[in-house]
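The structure appears below as structure tokens.
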Amino acid sequence: MTHEFRTPLSRILSAAELIERYGERITSEKRRTYVDQIRASITFIADMLQEVLLVGNYENGITTIDARPFDLEQF
């Protein structure tokens with residue numbers, strides 16, 4: 001789990017440092033690429049945190065699963 005958080009955080013830090021260090025010298029296209037990487041990594045972390053919270057809520061009895069049979073072909 002630690003790796004799953006560290007990788008996108010490292011990507012965010014790296015992209016932010018590149019923008020900070022070379023912001024004046026990089027093209028707007030490259031800057032946009034770095035910003036997009038930051039946004040994608042943040043979205044990934046937010047989604048992962050949501051999943052962790054959902055599992056935690058389930059384990060603590062806060063959230064329940066309403067499992068019922070359904071027609072898979074119709075679904």
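The values are calculated or read from the model by the stated rules, or taken from the named source; none is laboratory data. Keep in mind that this is a model prediction, so the values were computed, not measured. With ideal geometry, Cβ positions are generated from the backbone for all residues, glycine too; neighbour counts draw on all protein chains shown. Just the protein is used for accessible areas: all its heavy atoms, side chains included, with ligands, DNA and RNA removed. Shrake-Rupley method; radii C 1.70, N 1.55, O 1.52, S 1.80 Å.
Can you name the condition, by its number, that Ala67 falls short on among (1) surrounded by fewer than 11 Cβ atoms within 10 Å (Cβ to Cβ); (2) among the hydrophobic types (A, V, I, L, M, F, W, C); (3) under 16 Å from Glu4 (Cα atoms)?
Status for Ala67: all satisfied but (3).
Scan region 5-14 for residues that are open to solvent by less than 80 Å² (accessible area, probe 1.4 Å) and touching a residue at least 24 places away in the same chain (Cβ under 8 Å) and jot them down.
Matches in region 5-14: Phe5, Pro8, Ile12.
Considering only region 20-51, how many residues are of a type in the set (Val, Ile, Thr), free of Cβ contacts under 8 Å to residues at least 12 places away in the same chain and assigned to a helix (DSSP H, G or I)?
2
I'd like to check something: does region 48-58 contain any residue that is of a type in the set (Asp, Glu), open to solvent by 100 Å² or more (accessible area, probe 1.4 Å), at pLDDT below 95 and under 13 Å from the mean Cα position of the chain (by Cα)?
yes
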